[in-house]
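Read-outs throughout are calculated quantities, based only on the coordinates presented, and are distinct from any laboratory measurement. The shown structure was predicted, so the numbers you read here are calculated from the model rather than taken from an experiment.
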Amino acid sequence: MDQKNDSLKSALLEAVSRVLENMAFEEVELADEISVTNLKADGKLWAILPILEPLSGEVILSLSLECARRITENIYGTIEDGKLEKGAHLDALAEILNSIAGRFVHTLIPSNQGFDLGLPKTGKGAIPVTLSKAVTSVSINISGHVIIAIVIGEDFRSFTQP
Amino acid sequence: MFQTIIITDDSTTARMITKRCLEIAGFQNSSFLEAKNGEEALQMAKDNQVDLMVIDLNMPKMDGSSLLKRLKSSPRLNHIPVLVISSLVSEAKETELKEQGAFAALSKPITPAGLSKVLKSLSEQSTWG
């Protein structure tokens, strides 16, 4: 792996860890790396968020329904005594990805530069992007559940840390 | 202080987290109104006596920047302090938002301590405290 990819991976891992620890109170551990090109849909949930400026690309999360439910119960459980509305886990997943993407891009660009993100989309099954275009990914483990975070976009491939 | 607070975010999860953080930060006796976008928040601000508005930036319909501009250009509403909580907050964005009239901007994910700090600072420097 080259140095640029190391920096990207570190930034992505830092963003994922910080957000999951702060929002969902989950301790994050690195999992055995999973090749994203061989990622199986098998009923997993996904969330995709476009990065618009100054770098163009997408950040993606893939995880099981059980994992999404666990994270959502952690977030909502401390707030509403565990009462979850229908679709709450997808809303929570989108919000987690939104926070991860913000932290990730913030780490990559100079502090005096702004950035822009799109609105998140969520779904179940095959991820509707070409995963062979992934420039980096991290696989993490929270309480036995694996979450994969993926970054797509040629801008990130040529990225050099400021 | 801050008897009525409008929380504006298109995510139910984000609104709940913000509300909970505000409660932990000492505003458990405040009344909270929730809006899913800038249009709803603007209408709520017109219809209620509001002491604080917490707004996200990236929302459908009317986004947070447009809402901030509408609030600050309204003689009836421009006294309401606005706190921005968004994943889009950078130093550059915070400066821009303050120039547009927000009193502070926090990056997601927020913490009760971070929220408490900026609200304490606001109450010390204003007549809202």
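Work out, in µm²/s and without decimals, the Stokes-Einstein translational diffusion coefficient of chain B at 25 °C, 0.890 mPa s, Rh from Kirkwood over C-alpha pairs. All intermediate terms of the calculation are to be shown ahead of the outcome.
Values: Rh = 14.2 Å.
Approximately 172 µm²/s, per Stokes-Einstein.
³J(HN,Hα) across region B:61-72 via Karplus (A = 6.51, B = -1.76, C = 1.60, θ = phi - 60°), whole Hz, x for Gly/Pro?
Per-residue couplings from phi come out as 6, 9, 7, x, 5, 5, 4, 4, 4, 5, 5, 6 Hz.
Using Cα positions and a limit of under 27 Å, work out the lysines in reach of residue A:9, with same-chain residues fewer than 8 apart set aside.
A:40, A:44, A:121, A:124, A:133, B:93, B:108
Based only on Cα atoms, what Rg/Rh ratio does the protein assembly as shown have, Rh being taken as Kirkwood's radius? Don't skip to the end; give the middle numbers.
Values: Rg = 19.1 Å, Rh = 19.6 Å.
A ratio of 0.98.
Name the aspartates and glutamates eligible as straight-distance cross-link partners of residue B:36: C-alpha to C-alpha under 15 Å, and not fewer than 8 places from it in the same chain.
Of all the aspartates and glutamates, those that pass the test against residue B:36 - Cα under 15 Å, at least 8 places apart if same chain - are A:91, A:95, B:9, B:10, B:56, B:63.
Normalising by the residue count of region A:1-129, find the relative contact order in percent from Cα pairs under 8 Å and 6+ residues apart.
That works out to 36 percent.
Do you know the relative contact order of chain B, to the nearest whole percent, from alpha carbon pairs under 8 angstrom that are 6+ apart? Please list the in-between numbers first.
On the way: 221 pairs, mean separation 32.2, N = 129.
This gives 25 percent for chain B.
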